[in-house]
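Reading through the structure tokens given below for one structure.
Only the coordinates and a few stated rules stand behind these numbers; no lab work does. Everything numeric in this text was worked out from a predicted model, so none of it was measured. Here the Cβ is made from the backbone with ideal geometry for all residues, glycine too, and neighbour counts use every protein chain on show.
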């Protein structure tokens, strides 16, 4: 039986390009990857890590639907939490940008998710990189 | 021999990233490795047939078509392509369209993954 772990890394700004959206949709697509795998293969729950300017994707109160007519990245992050994807936000970058937990999407209780985002030191993200079989850097 | 999975998210013209990916795929195929190329976002432009060759731009349709005939697997994200007005009838011969979970499965089965993010 093969088991593999994927890490999705996002360091791009929200809405400037579609990178962060694609990172989230690819991570969420891991929920249906089983249909393409052999019976004994298993993909571990993926991790998505926001680093650098990418932490701005995790800002609360996004109005993408009103402004651009598209689903917000906030909704995608909440869907990721709903599907038990581990969401990590780099602590050093949160502090560098003058943000705190209050500004960020820390949970998705409103849509029934148990999982919560975690603000962690970059060293923890580095550990996740070391534990992963593949890192998809968006 | 191994398996290489390449994810490409950059645009066809205006970036040399796809040129690099195609050259890398060609080199890997010459060494006998299996290669999957996943095209997502602006990268789906590479899957469109009828690309016109100009002296000022690199042209990838011919090398990609040859690689596909030689055993390369190239798949474009269906939603990304449709959002850009590229329909099934616009696809390069031998290229397929699937959803993102196909790419993740390709990565799962690969020995090495080169994921080239967008601009």
Going fewest to most other Cβ atoms within 10 Å around each Cβ, B:8, A:67 line up as A:67, B:8
The simple spin-label model distance between residue B:84 and residue A:131, using points 7 Å out along Cα→Cβ, in nm, is 3.6
Listed residues B:108, B:20, B:54; largest mean-square fluctuation, Gaussian network over chain B with Cα springs below 10 Å, found at B:54
If each part is reduced to its alpha-carbon centroid, the stretch B:1-36 and the stretch B:43-86 end up apart, in Å, by 12
GNM on chain A, Cα springs under 10 Å; top mean-square fluctuation among A:99, A:81, A:56 goes to A:99
Restricting to Cα pairs under 8 Å and 6 or more apart, the percent relative contact order of the stretch A:3-137 works out to 30
Taking r as the C-beta separation of residue B:66 and residue B:19 and R0 as 25 Å, the FRET efficiency to the nearest 0.05 is 0.95
Extend 7 Å from the Cα of residue A:5 along its Cα-to-C-beta direction; within the stretch A:30-47, residues with backbone N under 11 Å of that point are A:44-47
Taking the stretch A:3-137, the whole-percent share of alpha-carbon pairs separated by over 28 angstrom is 13
Taking every DSSP bridge whose two residues both lie in the protein assembly as shown, the antiparallel percent to the nearest 5 is 10
Bridge orientation stat for chain B from DSSP, antiparallel percent rounded to 5, came to 5
Rounded to one decimal in nm, the spacing of the 7 Å Cα→Cβ label points at residue B:58 and residue A:44 is 3.6
Quick calc of log₁₀ I(q)/I(0), the protein assembly as shown, Debye, one scatterer on every Cα, no solvent, q values 0.08, 0.14 1/Å, result -0.33, -0.96
Only helices counted: for chain B, with every DSSP H run of 4 or more residues adding -39500 (n - 2.57) and the sum spread over all residues, [θ] at 222 nm is -9500 deg cm²/dmol
Relative contact order in percent for chain B (Cα pairs under 8 Å, 6+ apart) equals 38
Computed over chain A: longest principal axis from alpha-carbon atoms vs helix A:19-29 long axis, angle to nearest 10 degrees, is 40
Connecting every pair of Cα atoms under 10 Å apart in chain A and solving the GNM, the largest mean-square fluctuation among A:24, A:73, A:13 falls on A:13
Under the 7 Å Cα-to-Cβ spin-label approximation, residue B:27 and residue B:98 lie apart by a distance in nanometres of 2.6
